[in-house]
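Working notes, beginning with the structure itself.
Quick note: the coordinates plus some simple rules give every number you see, no bench work behind them. All values derive from a computational prediction rather than experimental measurement. Cβ sites come from the backbone with ideal geometry, for glycine too, and all protein chains shown count toward neighbours.
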Amino acid sequence: MKVLISGGAGYIGSTIASALLDGGHTPILLDSLVTGRREFTKNRIFYEADIADRAMVRQIFSEHPDIEATIHCAALIVVPESVAKPYEYYKENVVKSMEFFKLLAELGQKRVVFSSSAAVYDVVPGFMVTEESPLRPLSPYSRTKYMMEMVLKDFCSAYGLNAIALRYFNPIGADPKMRTGLHIRYPSHLIGKLVEVALGREPVFNLTGIDWPTRDGSGIRDYIHVWDLAQAHIKAVERFDSVIEQGREEDAPYTVINLGTGKGVTVKEFVMAFEDVYGQKLPVSLQPPRPGDVAGSYANADKAARLLGWKAELPIEQGIADALKWGKVRDTIIHY
Ligand SMILES: NC(=O)c1ccc[n+]([C@@H]2O[C@H](COP(=O)([O-])OP(=O)(O)OC[C@H]3O[C@@H](n4cnc5c(N)ncnc54)[C@H](O)[C@@H]3O)[C@@H](O)[C@H]2O)c1
């Protein structure tokens, strides 16, 4: 099956492309390379363009009329940057996504899989969230995801689109075959920072937030191997029509699915797992939470099991091992 991946030169989109290739499918990549990497498009069908470039999107579908589904990963994703530059984030993630979805509908391209985020959820007692849990996106970035879910649902009701919004929890690791991985040179999130400290690029790991009402006071998250995440997309496109049939929300051919492991892991537990895999203790400094931090959440993953026939299989230790391995090979693959 041919599948268009917007943002296919990014961390997650490129991993989905690898998983599609390994599964005997053909990914077609559309990426402006605003943050993504040309190196990740090597030997792949690639269109370098913006998702709002209507002429290029039309050209892609005229050259590949057999594309059966579109996975929309393209977005700007850095939370603090979204606070500083909300205009850019709403323009790139909302306005351009709307234009892209409208054109897909005009072209008769019905099947859309949308990269949403667990960042849309409010913090709930016990920290486990189902797809029906209350939403409270706190940053402009997470509000773009929240908005696009609503837009997509309305477009599905009105314009003949069918869509699955996948709410990703916290992706870790890299393609186990090391074709692609996290490309950000100076990562700001947990595992990226730990790898930087382990590889001697940073002197100390700042563990921010130690007074949350969790079992050890540190934040709680649901770390999912990016390869497991990619496999869920393969299921989503392969089973697309039956997922929509079983998951329809109200009258819309639209459904939301959590992609997580179903297990909450605290930051302190994650650091310990990291040290076990790495084989050494890391210098850790305990710090107050950063502005906008929350205690966190983890997924109830029952709907993904029911509709996609998918569950995460790889333990966090494998995600950590693959991230460390990628940290070492990254600079031989990416030429900054
Ligand atoms: N990484 C995470 O922790 C995480 C968590 C939840 C959800 N997500 C979502 O997953 C998706 C992929 O994230 P990622 O981590 O791979 O990020 P990424 O930055 O690695 O990939 C995004 C890609 O989109 C491309 N892009 C951005 N705007 C574009 C545009 N207007 N036209 C064409 N291409 C454009 C970039 O060049 C990049 O290659 C995003 O939608 C993100 O919101 C990511």
* **Gyration tensor verdict on segment 1-107 (Cα atoms; rounded if a/c is under 1.5, prolate if a/b is larger than b/c, oblate otherwise)** => oblate
* **Projected label distance in nm at residue 130 and residue 177, using a 7 Å step from Cα toward the beta-carbon** => 3.9 nm
* To do: Would you mind computing, in nm to one decimal, how far apart the modelled labels at residue 58 and residue 317 are, each placed 7 Å from Cα along Cα→Cβ?
  => 5.6 nm
* Convex hull volume of segment 152-194 per residue (C-alpha atoms, cubic angstrom) -> 140 Å³
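Just subtract the alpha-carbon distance of residue 21 and residue 248 from 0.36 nm times their residue separation and send over the number in nm, one decimal.
Taking 0.36 nm per residue and subtracting the Cα distance, the gain is 78.8 nm.
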* **Debye log10 I(q)/I(0) at q = 0.17, 0.22 Å⁻¹ for segment 82-155, Cα point scatterers** => -0.70, -0.99
* Asked: Which loop-located GluC sites (Glu not before Pro) does segment 211-310 contain, where loop means any DSSP state but H, G, I, E or B and the Cβ has at most 13 other Cβ atoms within 10 Å?
  -> 250
* Asked: With a 10 Å Cβ neighbour count serving as the proxy for reagent exposure, in which order, fewest first, do 14, 142, 188, 133 appear?
  -> 188, 133, 142, 14
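Could you please rank 201, 221, placing first whichever residue has the fewest other Cβ atoms within 10 Å of its Cβ?
So the ranking, lowest neighbour count to highest, is 201, 221.
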* Any idea what the dipole of the chain comes to, in debye rounded to 20, about its Cα centre with Lys/Arg Cβ at +1 and Asp/Glu Cβ at -1? -> 500 debye
* To do: Determine the principal axes of the Cα atoms in segment 228-336, then give the extent along each, sorted from largest to smallest and rounded to whole angstroms.
  => 53, 36, 27
* Residues with beta-carbon under 11 Å from that of residue 2, excluding residue 2: net charge, scoring Lys, Arg +1 and Asp, Glu -1? -> -3
* Asked: For the chain, modelled as a GNM with alpha-carbon contacts under 10 angstrom, which of 233, 72, 189 fluctuates the most?
  -> 189
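Could you compute the net charge surrounding residue 320? Neighbours are other residues with a C-beta less than 11 Å from the C-beta of residue 320; K and R count +1, D and E count -1. Walk me through the numbers before you get to the answer.
On the way: positive: 325; negative: 275, 276, 317, 322.
Taking every Cβ under 11 Å from that of residue 320, the sum is -3.
I need the shape label for segment 157-315. Rule: rounded when a/c is under 1.5, else prolate if a/b > b/c, else oblate, with a, b, c from the alpha carbon gyration tensor.
Prolate, since a/c reaches 1.5 and a/b exceeds b/c.
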* Asked: Using a simple charge model, +1 on the beta-carbon of Lys and Arg, -1 on the beta-carbon of Asp and Glu, nothing else, what dipole does segment 1-126 show about its Cα centre, in debye to the nearest 20?
  -> 100 debye
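Per DSSP helix of 4 or more residues, -39500 (n - 2.57); summed, then divided by the residues of the chain. What does that give at 222 nm, rounded to the nearest 500? Present the calculation step by step, with values, prior to reporting the outcome.
Numbers: 11 runs with 123 residues, N = 336.
Taking each H run of at least 4 residues, the total per residue is -11000 deg cm²/dmol.
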* Asked: Can you sort 73, 156 by how many other beta carbons sit within 10 Å, fewest first?
  -> 156, 73
* Structure fact -> As straight-line cross-link partners of residue 193, the qualifying lysines (C-alpha separation under 28 Å, not fewer than 8 residues apart within one chain) are 42, 85, 145, 177, 263, 268, 281, 311, 325, 328
* **Potential lengthening between residue 33 and residue 83 on full extension [0.36 nm per residue; Cα-Cα distance subtracted]** => 15.8 nm
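Calculate the FRET efficiency for residue 184 and residue 107 from the Cβ-Cβ distance with a Förster distance of 25 Å, rounded to the nearest 0.05.
Values: r = 33 Å, r/R0 = 1.31.
Once the sixth-power term is evaluated, E becomes 0.15.
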* Specify the residue with the greatest mean-square fluctuation among 82, 285, 18, computed from a Gaussian network of the chain linking alpha-carbon atoms under 10 Å apart. => 285
* Report, in whole Å, the centroid distance computed from the Cα atoms of segment 298-336 and segment 243-287. => 10 Å
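Going by the alpha-carbon gyration tensor, a ≥ b ≥ c the square roots of its eigenvalues, is the chain rounded (a/c under 1.5) or, if a/c is not under 1.5, prolate (a/b greater than b/c) versus oblate? Intermediate results must be reported in sequence, preceding the final value.
Numbers: a/c = 1.68, a/b = 1.36, b/c = 1.23.
It is prolate, given that a/c is not under 1.5 and a/b is the larger ratio.
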* Using a Gaussian network for the chain with springs between C-alpha atoms less than 10 Å apart, which of these wobbles most: 186, 223, 159? -> 186
